[in-house]
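Chemist: Following this message is one structure expressed as structure tokens.
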Amino acid sequence: MYYTGAMFYFDNFLGKKVLRSDLLKEINAFFTTREGFDFKLLSSKRVISPVQTHSDNVEFVDARTDYPSVDGLIITKPQDAIYLKFADCTPLIFYDKKQNIAAVSHAGWRGTAQKIGVKTVSKMNSDPKDIIALIGPAISLCCYEVSEDVRDKLLNTVKQTDGLFKGRNVDLKKINARQLEEIGVEKIDICPYCTSCNNDLFYSYRKENGTPQRHYAFAAFS
């Protein structure tokens with residue numbers, strides 16, 4: 001079942017504007033804005049962020065603190081928190097209510113073409129029907145033109161391509177949602193914000209000519 005952003009809302013967390021979804025209340029999950037966030041304020045948590053390389057590598061957080069070339073992290077322990085960095089790419093947050101585990105993954109076009117969202121659910125060893133998925137702010141169909149080769153690689157990851165592209169423009173958020181839907185994920189909330197159109201709220205690599213600045217997708221057990 002698709003939710004089309006109606007459940008997303010802005011909130012204040014430790015003095016910063018963040019974006020949440022009413023679909024996922026069981027854990028502390030949010031997307032930051034241009035205001036940023038100081039994760040050092042979460043003194044009771046061990047906060048982990050990987051070195052992202054547009055891979056499809058997904059790892060469980062364990063005793064390690066370094067996760068090179070990892071674009072998806074899964075947490076199982078209450079003391080751990082995770083965040084990944086974004087500026088147009090698609091942020092994915094997952095929660096498995098039965099196992100009580102959570103994950104954050106980074107789906108740029110390469111990660112989307114490699115179905116990193118589907119691989120994250122598989123790595124979690126989750127029944128897709130137990131998954132709640134949030135698809136955060138990312139560059140949208142209106143602003144994301146790619147080559148025909150990239151478009152075709154993305155569209156080849158799903159059975160049904162209706163509504164996922166227009167010419168050479170593609171909708172990464174909906175492609176990720178379609179991939180998840182096709183494996184049986186039923187609870188998916190898709191953020192309505194385009195990072196390029198809403199550049200006053202979020203960073204955009206394309207709109208800002210390769211900005212090094214990033215907003216974050218965060219997940220931790222409450």
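Please treat every number below as a calculation from the coordinates, not as lab data. Owing to the predicted nature of the structure, the values given are computational and were not obtained by experimental measurement. Here the Cβ is made from the backbone with ideal geometry for all residues, glycine too, and neighbour counts use every protein chain on show.
Chemist: Counting other beta carbons within 10 Å of each residue's own, what order do Arg168, Arg46 fall into, fewest first? Mind showing how you got there, number by number?
Modeler: Working: Arg168 12, Arg46 15.
With the fewest neighbours first, Arg168, Arg46 line up as Arg168, Arg46.
Chemist: Could I ask something else about it? With charges set only on the Cβ (+1 for Lys and Arg, -1 for Asp and Glu), what does the dipole of region 14-117 come to about its Cα centre, in debye to the nearest 20?
Modeler: Numbers: 15 positive and 12 negative charges, 58 e Å.
Approximately 280 debye in magnitude.
Chemist: A further question on this structure: Can you list, largest first and rounded to whole Å, the semi-axes you get for region 104-173 by taking the square root of 5 times each eigenvalue of its Cα gyration tensor? Intermediate values should be presented prior to the final figure.
Modeler: Details: eigenvalues 106, 31, 24 Å².
Taking √(5λ) for each Cα gyration eigenvalue gives 23, 12, 11 Å.
Chemist: Quick one: order Met124, Met7 by neighbouring beta-carbon count within 10 Å, fewest to most. Each step should come with its number before you reach the end.
Modeler: On the way: Met124 23, Met7 15.
So the residues, fewest neighbours to most, are Met7, Met124.
Chemist: Taking neighbour counts of Cβ atoms within 10 Å as a proxy for exposure, in what order, fewest first, do Tyr83, Tyr9, Tyr205 appear?
Modeler: Least crowded to most crowded, the residues run Tyr9, Tyr205, Tyr83.
Chemist: Another question, then. Suppose the Debye formula is applied to equal point scatterers at every Cα of region 1-154; what is log10 I(q)/I(0) at q = 0.14, 0.15, 0.17 Å⁻¹?
Modeler: -0.71, -0.82, -1.07
Chemist: Name the residues whose placed amide hydrogens come within less than 5 Å of the amide hydrogen of Phe13, ignoring near sequence neighbours (fewer than 5 apart) on the same chain.
Modeler: Close amide H contacts, sequence-distant or interchain: Val18.
Chemist: Listed here are the pairs Lys17/Lys119; Lys77/Lys123; Lys115/Lys173; which of them are more than 20 Å apart at the Cα?
Modeler: Lys17/Lys119
Chemist: Follow-up question, since we're still on this one. Mind telling me which of Lys187, Lys174, Lys77 comes out most flexible in a GNM of the chain, alpha-carbon contacts under 10 Å?
Modeler: Result: Lys77 has the largest fluctuation of those listed.
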